[in-house]
Amino acid sequence: MDLPKTTKWQLVYHDWNPEQQQLREALCTLGNGRFATRGAFAGAQTDGVHYHGTYMGGVYNRRTSQVAGRDIENEDLVNLPNWLCLNFKPEDGEWLDFNQVEWLDFKQALDVRHGILTYRLHFRDRENRETRLFTRRIVHMADSHLAALQWQLQPVNWEGEIIVRSALDGRVENLGVERYRKLATKHLETLEARPCGSDSLLLCSATNQSRLQLAQTIRTRILINDGRREPPEFSRQIVKEPGYIAHQLQLPCRQGETVRIEKVATLFSGRDRAICEPALEAENAAARAGDFESLLKTHRKAWNRYWHCCDIELKNQGGQREPLILRLHVFHMLQTTSLHTIDLDVGVPARGLHGEAYRGHIFWDELFIFPLLNLRLPQITRALLLYRCRRLPEARRAARREGLRGAMFPWQSGSNGREESQVVHLNPKSGNWVPDHTYKQRHINAAIVHNVWRYFQVTGDTEFMAFAGAEMILSIAMFWASAATYSKEKKRYAICNVAGPDEFHTGYPGRREPGLDNNAYTNIMASWCLQVARQSLELLCPIRRRDLLQTLNLDEREIEKWNEISRKMYVPFHGNGIISQFEGYEKLEELDWPAYRKKYGDIHRLDRILEKEGDDINRYKASKQADVLMLFYLFSAEKIQELFNHLGYEFQPEMIPRNLEYYQRRTSHGSTLSGIVHSWVLARSDREQSWDLFGKALMSDVADVQGGTTGEGIHLGAMAGTVDLVLRCYSGLELRGDILWLNPCLPEELREVRQKIHYRGHWLTITANHQRLLVEAEEAPCPPVRIGFRNRVFKIGQGQSKEFKY
């Protein structure tokens, strides 16, 4: 794997490498929270090397496919018409093709500071013509309906007529994930394609099932010399095919003279607010948009505002790589969820808006993403939580279908909140379609409660709790209470027929029906949810409390029952204080890990390896990712002890490293999230190993450690998780009650961290190194907040600072 070069703010590739192209395209995606476009070269064709993709948050479509003799309906985030299409050729030559030229110089750079993708190229074609080409591209962060592309083309040793083609291509399909290509992939139909003005084109399309209307325009202009005037002699013709419309321009090109080509694109949909009709708005936006330089100026300003509050400054022993990649991760999170997201009804796709893996569905990755947003841009978290709130009716219907009360949210969510998990899954190692029971991960409901509660703890937003947050928490508490059944044998409550975060285990060997009993993480989180539900009621004024209880058909007797269930939830143990991943875990066989590593090398996806061998991962003590250890990720040691005391179980602090060591030896890390959790849990006991795992997690997408998955879309949860390791874990930042506790534990390699957080209306700048901790509050008309450091609590108000020496 050839890793990119890094500077303080740039990710740079200095060679053309077809095998890595789709990885680079995913990592060089540009977006603004409304839509994103992969970093494919504008003139390239989708051909197995390049893959063009533009995705808009919330634009889903359903298609039915024949799979293993069954009709299976899947919902996908739709690949939208390609606005990038721009290429050139000498009049008697060939269109530029990266694979057909000799490279004299190649540089592809992503500027994460300002969201600019550049290509600086020098190549020789088959006729020995040398050409220099410098391209810049943006997806506008200030005006979320705009994107722009600029070419500066210079013939080095030749001159003559050139032909430029600029197009909108609506013939695209969802072909970005190889294992999905045998399924229905065509989601769009073209409604209209026509010119709109002398230099602009319009393409209107619609998704063929969800009937969402889309409108895109492109405006193409050619300028010479100073970039302010068109060439005196050039022609413009329209090229039109079904689903495709282009401007073909022909002009003379002189040796050494720079021709500037500017392409501005607009994108509107029927989901947009404050519009009359998508096509009309797209046309008007194209006519009003400035030139590339003016758009670039406002785009840069918007990114500067984001980095002012979201940057993390590291001083470490490793040079520029770690700080740059950490910024790259913040960059991709902001491209997927920006302030523009507030105006949309969207969740956070696990793979961002960067590709088609996981079909663009929303999972539990919010659990890793929201902490970063809570402490920087909490208004975005609020909007994303409302995505869940709007789907409460569907979650209630799902619970009723299972004979339960309350709301049961899906493991995979898309357009309307129904369960979008696959019924069958293709194992690429064996070519078999196998049943997929991961939809039984009911712990997604605990993740939603956790996200709501943590948002409230950071912001103190009682208004949100009154109109949305408390209702979600109470509805999920009703689900957990009805899912728990009393066992006379155990004299405790049990939750059966579920799957935990591990995902490898979805059933018992020899048992026909899928599902596990008493997954420890699920049960403990359910107990915690029931406790939080009671606390959330205390936040409400008497009138709102009464109204909400009446709406949910809840009474005080049922709420008191929650207290009993939360105290008597069953947690399985085995051995010397080992929390069993689920009931019966200790009866499973041990896997011969050295033998499998020797035979296969990469054993991240042991489930696929064993299925190919005719075996079943459910037989073994082998986890894909952290399961029990998630408890130590979400809660401090003090809080864990409090939870177990509430449950009536004895818990000693030394049980944390004991459980960590036990499950570390039995985890394949088949998920990029796993390393994040293990690094976090190790931070207090083994900082050197924690930093090592942090470094590996940091490189998981840049180095594509899972062997080809990043090209299908980044792993946004893992990216956010690495940032959160620095933001909260190494900085020792924890919220308990209305106190912000700080207890830094920097690894030796990390000399200093400087970052801003937004807490209860204050912007706080926190600087931590191995000698001191400095907290500085900016001017803000807000009451002082309480900061805790080593068992002492201090108040800090606007314009004040507090220094703590270790």
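Counting only residues at least eight positions apart within a chain, or on another chain, the lysines with an alpha carbon under 27 Å from that of K599 are K429, K587, K612, K621, K624, K696. This model, with +1 at the C-beta of Lys and Arg and -1 at the C-beta of Asp and Glu, gives the range 215-350 a dipole about its Cα centre of some 340 debye.
Relative to the Cα centre, the charge distribution of the chain, modelled as +1 at Lys and Arg Cβ and -1 at Asp and Glu Cβ, gives a dipole magnitude of about 1680 debye.
I need the helices of the chain that pass two filters: whole DSSP H segments spanning 20 Å or more by Cα along the axis, and mean Kyte-Doolittle score no lower than -1.0. Helix filter hits for the chain: 292-310, 321-336, 444-459, 520-538.
Pairwise inverse Cα distances across the chain, averaged and inverted, put the Kirkwood hydrodynamic radius at 28.0 Å. The 3J(HN,Hα) values that the Karplus relation (6.51, -1.76, 1.60; θ = phi - 60°) gives for the range 96-113 are, in residue order, 4, 10, 4, 8, 10, 10, 9, 8, 9, 7, 8, 8, 10, 9, 10, 8, 7, 5 Hz. Gly and Pro appear as x. Taking GluC sites (Glu not before Pro) across the range 139-214, the ones in a DSSP loop with at most 16 further Cβ atoms lying within 10 angstrom of their Cβ are E159, E173. Its alpha carbons considered, the range 621-753 gives a radius of gyration followed by a Dmax of 15.4, 48 Å. Normalised by the number of residues in the range 589-708, the average gap of Cα pairs under 8 Å and 6 or more apart makes the relative contact order 26 percent. A 1.4 Å probe run over the range 95-203, with the rest of the protein chains in place, finds 38 Å² accessible per residue. In the full protein context, the range 505-661 carries 45 Å² of accessible surface per residue, based on a 1.4 Å probe and ignoring ligands, DNA and RNA.
One quarter of the convex hull surface built on the alpha carbon atoms of the range 128-258 amounts to 11.1 nm², the projected area averaged over directions. For the range 686-784, the per residue solvent-accessible surface stands at 34 Å², with DNA, RNA and ligands left out and a 1.4 Å probe. Here each label is just a point 7 Å from Cα along the line to Cβ, and for Q250 and E293 those points are 3.1 nm apart.
Put simply, the amide H of L188, placed in the peptide plane, has neighbours under 5 Å in N208, leaving out anything fewer than 5 places away on its chain.
Translational diffusion coefficient, Stokes-Einstein: compute it for the range 517-675 using the Kirkwood radius over C-alpha pairs as Rh, at 37 °C and 0.692 mPa s, and state it as an integer in µm² s⁻¹. Taking Rh from Cα pairs, D becomes 182 µm²/s.
Counted by Cβ distance under 12 Å from L117, the other residues give a net charge of +4, where Lys and Arg count +1 and Asp and Glu count -1.
Note on K297: lysines with a C-alpha under 28 Å away, same-chain residues under 8 apart excluded, are K5, K8, K107, K263, K756.
Evaluated at q = 0.14, 0.24, 0.25 Å⁻¹, the base-10 log of the normalised Debye intensity for the range 344-420, with identical point scatterers placed on the Cα atoms, takes the values -0.47, -1.13, -1.18. For the range 273-330, trypsin sites (Lys or Arg not before Pro) meeting the loop criterion (DSSP other than H, G, I, E, B) and having at most 12 other Cβ atoms within 10 Å: R273. What is the sum of charges around E102, taking Lys and Arg as +1, Asp and Glu as -1, for the other residues whose C-beta is under 14 Å from the C-beta of E102? Surrounding charge for E102 is -3. Summing +1 for each Lys or Arg and -1 for each Asp or Glu among the other residues whose beta-carbon sits under 12 angstrom from that of A697 gives -3. Between the listed residues G717, L80, G732, the Cα displaced farthest toward the positive end of the dipole of the chain, a dipole computed from Cβ unit charges relative to the Cα centre, is found at G732.
Its Cα gyration tensor gives the range 320-451 an equivalent ellipsoid, and the semi-axes of that ellipsoid, as √(5λ) in whole Å with the largest first, are 27, 22, 12.
Accessible area of the range 497-634 with a 1.4 Å probe: how many percent of it is carbon plus sulfur? With neighbouring chains kept in place, the figure for the range 497-634 is 45 percent. Using a cutoff of 8 angstrom between alpha carbon atoms and counting only pairs six or more residues apart, the relative contact order for the range 86-171 works out to 29 percent.
Cα to Cα, under 19 Å, and not fewer than 8 places away if on the same chain: which lysines meet these conditions relative to K568? Counting by Cα, and skipping residues close in sequence, K568 has these lysines nearby: K488, K490, K491, K639. Element breakdown for the range 756-806 at a 1.4 angstrom probe: carbon and sulfur atoms account for 45% of the accessible area.
Of the trypsin sites (Lys or Arg not before Pro) in the range 396-505, the ones in a loop by DSSP (not H, G, I, E or B) with at most 14 other beta carbons within 10 Å are K488, K490, K491.
The values are calculated or read from the model by the stated rules, or taken from the named source; none is laboratory data. What you are looking at is a predicted structure, and each value in this text was computed from that prediction instead of being measured. Backbone-built Cβ (ideal geometry, glycine too); neighbour counts: all protein chains shown. Note: areas computed on protein heavy atoms with side chains; ligands, DNA, RNA excluded. Shrake-Rupley method; radii C 1.70, N 1.55, O 1.52, S 1.80 Å.
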